[in-house]
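Just below is one structure, and these are the notes that go with it.
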Amino acid sequence: METRFDLIIIGAGPGGYVAAIQAARLGMRTALVEEDRAGGTCLNRGCIPTKAMLHAASLFREIQAGERFGILASEVRCDYGQLLAYRQETVDQLVQGVEQLLKGNGVTVLSGRGTLLPGKRVSVASGEGTAVYEAENILLAAGSRPAVLPIPGMDLPGVLTSDGLFQQTELPASLTIIGGGVIGVEFATAFSALGCQVTILEALPRLVANMDREISQNLKLILKKRGIETHTSASVQGVEQGADGLVCRFAEGEKEASVTSQLVLCAVGRRANSEGLFDPGAVPELNRGRVVVDECFRTSLEGVYAIGDLIGGMQLAHLASAQGIAAVERMAGKEPTVDLSLVPACLYTDPEAASVGLTEEEAKKEGIPVQVGKFPMSANGKSLISREERGFIKVVAEKESGRILGAQMMCARATDMIGEFGTAIACGLTGEQMRRAMRPHPTYNEGVGDALEELAGGSLNVMPRRKR
Ligand code: NAD
């Protein structure tokens with residue numbers, strides 16, 4: 001077995017495996033170290049299984065509400081076991097696809113736990129023993145794991161992180177979610193639609209605080225309509241085992257309150273997987289457990305790079321992949337293909353929400369005069385056909401030049417449609433340039449055209465401003 005490579009990557013998540021394929025295509029002899037299955041958190045315990053659950057949950061909700069479309073279904077039930085089998089099959093298919101891609105591109109997969117050693121070497125420990133490999137460059141892509149709050153009761157049976165909740169084989173009757181961030185609201189959407197009573201406790205004054213304020217406000221109303229109880233400015237103090245279940249105690253402003261449920265999910269962010277990754281003689285500079293890198297993803301150790309959740313910042317699969325590609329492009333002396341400053345943020349709730357670039361609030365904070373075009377999706381034909389919840393598409397442009405700076409949307413297919421604005425911002429397009437493209441009818445995407453028309457003075461699909 002070969003022990004010397006051009007590049008060794010530790011971690012086969014969406015950061016590491018994509019970087020490995022790109023490196024191999026750029027002609028580097030590449031090895032990828034992974035102790036689990038390929039695909040990392042995203043494929044095995046994150047994005048993919050969650051979105052599969054959300055898909056099934058949304059289908060369940062749609063069928064139950066089919067009467068408004070003239071579809072009458074009786075005795076619609078959720079078989080949680082079958083749902084989990086569909087979820088696992090989806091994960092397995094994607095993992096196998098990644099394994100084939102790695103093989104097909106000539107990447108050597110080293111199974112075992114990787115540790116960075118001094119002198120650009122990596123040890124790989126498995127049941128079969130430990131082997132040492134060396135490389136010209138090393139890329140660390142070890143990802144992250146769920147954070148656990150330092151409060152009493154977090155070790156009680158039934159108090160879980162997203163990893164633990166995925167392992168449950170039965171649908172809980174009730175679930176309290178600590179943290180109203182992305183994981184919190186996505187799990188709340190899925191579990192509530194499947195029939196579980198969900199309560200969200202969020203410490204900040206609003207849900208998904210990193211997104212546009214209007215998205216947070218709409219989401220809170222929609223979740224309430226679905227029967228999800230939401231407490232914001234609610235700081236959780238501890239969990240106890242009560243007679244009727246797990247009791248979560250929290251302070252909401254001045255008030256002390258509690259909620260009882262069968263299970264508790266702790267979704268308060270993720271921690272970098274830096275523990276145990278380094279030999280004592282090869283520890284790069286760290287900041288609160290995250291590996292510190294420069295703009296080219298170089299760590300403080302020569303020839304050692306790091307990307308993805310391990311370096312902090314926005315912890316998103318697509319960002320990790322883009323960083324992985326950029327890091328190996330730099331190693332190969334090429335300019336990075338993707339603009340890493342533009343990171344789309346997506347919420348796979350029902351309806352979806354997505355955002356890219358600056359919000360109006362952020363532009364104002366930065367002192368940039370902006371113009372905003374906002375289109376209510378209640379005036380969009382396709383949204384009316386599918387009886388979508390209230391939604392909107394908002395576009396933010398620089399006042400003087402008309403250049404698009406950002407977009408936020410909450411509507412069906414928002415996560416698919418945000419890419420159009422990402423392309424526009426990355427290419428410096430103005431609203432007028434975006435309007436040159438015709439949009440097909442009837443589509444949700446027409447709403448993008450309408451928001452751009454609103455930016456230009458008024459969409460033909462809403463009443464003229466003076467009459468509104
Ligand atoms: P997050 O940072 O998005 O949200 C955590 C929330 O927990 C925050 O709103 C925080 O205020 C709250 N919180 C912290 N301590 C609390 C306490 N004591 N009581 C009540 N609330 C408290 O983190 P997450 O939702 O755990 O997600 C982890 C990472 O995974 C994020 O970086 C996220 O972007 C990523 N992720 C992304 C997607 C997606 O893109 N759709 C989906 C899932 C996860």
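Counting other Cβ atoms within 10 Å, which trypsin sites (Lys or Arg not before Pro) in the range 257-293 have at most 11 and lie in a DSSP loop?
Taking the range 257-293 and a limit of 11 other Cβ atoms within 10 Å, the loop trypsin sites (Lys or Arg not before Pro) found are ARG288.
With both partners inside the range 143-299, how many of the DSSP beta bridges are antiparallel, as a percent to the nearest 5?
Of all bridge pairs located within the range 143-299, approximately 60 percent are antiparallel.
Peptides 221-229, 175-183 ranked from most to least packed give 175-183, 221-229, packing being the mean of other C-beta atoms within 10 angstrom over each peptide's residues.
Taking every DSSP bridge with both residues inside the chain, close to 65 percent are antiparallel.
Please list 62-70, 202-210, 317-325, 12-20 highest first by mean number of surrounding beta-carbon atoms within 10 Å per residue. Provide the component values of the computation, followed by the final result.
Values: 62-70: 11.0, 202-210: 18.2, 317-325: 23.8, 12-20: 30.7.
Highest-to-lowest ranking by the protection proxy: 12-20, 317-325, 202-210, 62-70.
Near the amide H of ASN273, within less than 5 Å, lie the amide hydrogens of GLY143, SER144, ARG145, all on another chain or at least 5 residues away, with H placed in the peptide plane. A simple rule links phi to the HN-Hα coupling: the Karplus curve 6.51 cos²θ - 1.76 cosθ + 1.60 with θ = phi - 60°, which for the range 401-415 gives 8, x, 5, 6, 10, x, 8, 9, 8, 9, 5, 4, 6, 4, 5 Hz, with x for Gly and Pro.
On a 25 Å Cα-Cα criterion, which of the cross-link pairs LYS334/LYS365; LYS51/LYS220; LYS224/LYS364; LYS220/LYS255 come out too long? All intermediate terms of the calculation are to be shown ahead of the outcome.
Working: LYS334/LYS365 35 Å; LYS51/LYS220 20 Å; LYS224/LYS364 31 Å; LYS220/LYS255 21 Å.
With Cα atoms farther than 25 Å apart: LYS334/LYS365; LYS224/LYS364.
Note that the range 343-352 has calculated 3J(HN,Hα) couplings of 10, x, 10, 10, 10, 9, 7, 10, x, 6 Hz, one per residue in order, obtained from phi through the Karplus relation 6.51 cos²θ - 1.76 cosθ + 1.60 (θ = phi - 60°); glycine and proline are x.
May I ask you to order 147-156, 99-108, 417-426 by the average number of other C-beta atoms within 10 Å around their residues, highest value first?
By packing density, highest mean first, the sequence is 417-426, 99-108, 147-156.
Using just its DSSP H runs of length 4 or more, each adding -39500 (n - 2.57), the chain gives a mean residue ellipticity at 222 nm of -9500 deg cm²/dmol after division by all residues. Remark: the range 323-336, residue by residue, has Karplus-estimated 3J(HN,Hα) of 5, x, 5, 4, 4, 6, 4, 4, 4, 8, x, 9, 6, x Hz, where x stands for each Gly or Pro and the curve is 6.51 cos²θ - 1.76 cosθ + 1.60 at θ = phi - 60°.
If eta is 1.306 mPa s and T is 10 °C, what Stokes-Einstein diffusion coefficient results for the chain, Kirkwood Rh from Cα pairs, in µm²/s? Could you put the intermediate results ahead of the total?
On the way: Rh = 24.1 Å.
The calculation lands on 66 µm²/s.
Here, each number is a calculation from the coordinates, and none is a lab measurement. This is a predicted model, so every value here is computed, not measured. Positions of Cβ are generated from backbone atoms using ideal geometry, with glycine treated the same way; all protein chains shown enter the neighbour counts.
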